[in-house]
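What follows is a single structure, written as structure tokens, with notes after it.
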Amino acid sequence: MGIVPEDGKALPPPGIVNRNSLWLSGMGWFSAMLHNAMNHRPPLKSGVHRQFLLATLGWFIGYHLTKHENYTYARLDRDMNEYVKLYPERFETKEKKTLAEIVEPFHPVR
Amino acid sequence: MNQAFQALKSIAVYSHSQAGGIKSSTEAAVSAKMTFSRLLSRAVLINRAGSRSAFTSSKTDTTNPNWLQVGLAFGTSAFIWGLLFKQHSTDVHEYEVKKGLQ
């Protein structure tokens, strides 16, 4: 599709209910209510068709935005892991010593 | 403004002359005067013949909703919801296919 290229098709798609959808549809609804308020109409009760349309548009855009976001993060993760695999010598972990090996033996004085 | 007023004056004279039968020379004098004042007036430089304002003002009628607009809005919303569900099911299907093959 236009949002996600071919290699992104293997990603799990976001659910219909997702964070970006909720937020953007809330924004659309709020902007419809603001439009009502600025034209001296009752904000909640008037122009329900406008509120519904803007909320729908927000939800739709949010879904595609979430898809794009998932793809972007997946791509960044994949590139990072490929780089780590390519140069493992730059990502060596130091040998970890437990505290028991570092600390002097404990002789309680009671 | 001046030009409009002159135009109105000439129209008034013309209609009056048609009604009352004033001598045509008066009428000619008025129109000649108007042409002369057009030369001197700077208002003629603003030519209002090329543009007209289409602005009309009326109070919005809140008791009779614009049903066409309402229908279009709800119809578009329903269409977009349908698009969304279709897209989602397509995505899920594609994902299942890829998962099944790999």
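The values are calculated or read from the model by the stated rules, or taken from the named source; none is laboratory data. What you are looking at is a predicted structure, and each value in this text was computed from that prediction instead of being measured. Glycine gets a Cβ as well: all are built from the backbone with ideal geometry, and neighbour counts include every protein chain shown. Heads up: the accessible areas ignore ligands, DNA and RNA and are worked out on the full protein's heavy atoms, side chains in. Shrake-Rupley method; radii C 1.70, N 1.55, O 1.52, S 1.80 Å.
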Exercise for the section: Would you check if there is a residue in segment A:48-61 being free of Cβ contacts under 8 Å to residues at least 24 places away in the same chain, facing another protein chain (nearest Cβ under 10 Å) and either touching a strand residue (DSSP E or B) at 6+ places or on another chain (Cβ under 9 Å) or of a type in the set (Val, Ile, Thr) (or both)? Expected result: yes
Exercise for the section: Given the conditions (1) away from chain A (no Cβ under 11 Å); (2) outside any helix (DSSP H, G or I), report the number of the one that residue B:65 does not fulfil. Expected result: (1)
Exercise for the section: Would you mind finding the one in B:55, B:79 that is more than 8 Å from chain A (Cβ to nearest Cβ), more than 30 Å from residue A:10 (Cα to Cα) and open to solvent by 100 Å² or more (accessible area, probe 1.4 Å)? Expected result: B:55
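Of all residues in segment B:58-76, count the ones that are open to solvent by less than 80 Å² (accessible area, probe 1.4 Å) and aliphatic (A, V, I, L, M).
Number satisfying all stated conditions: 2.
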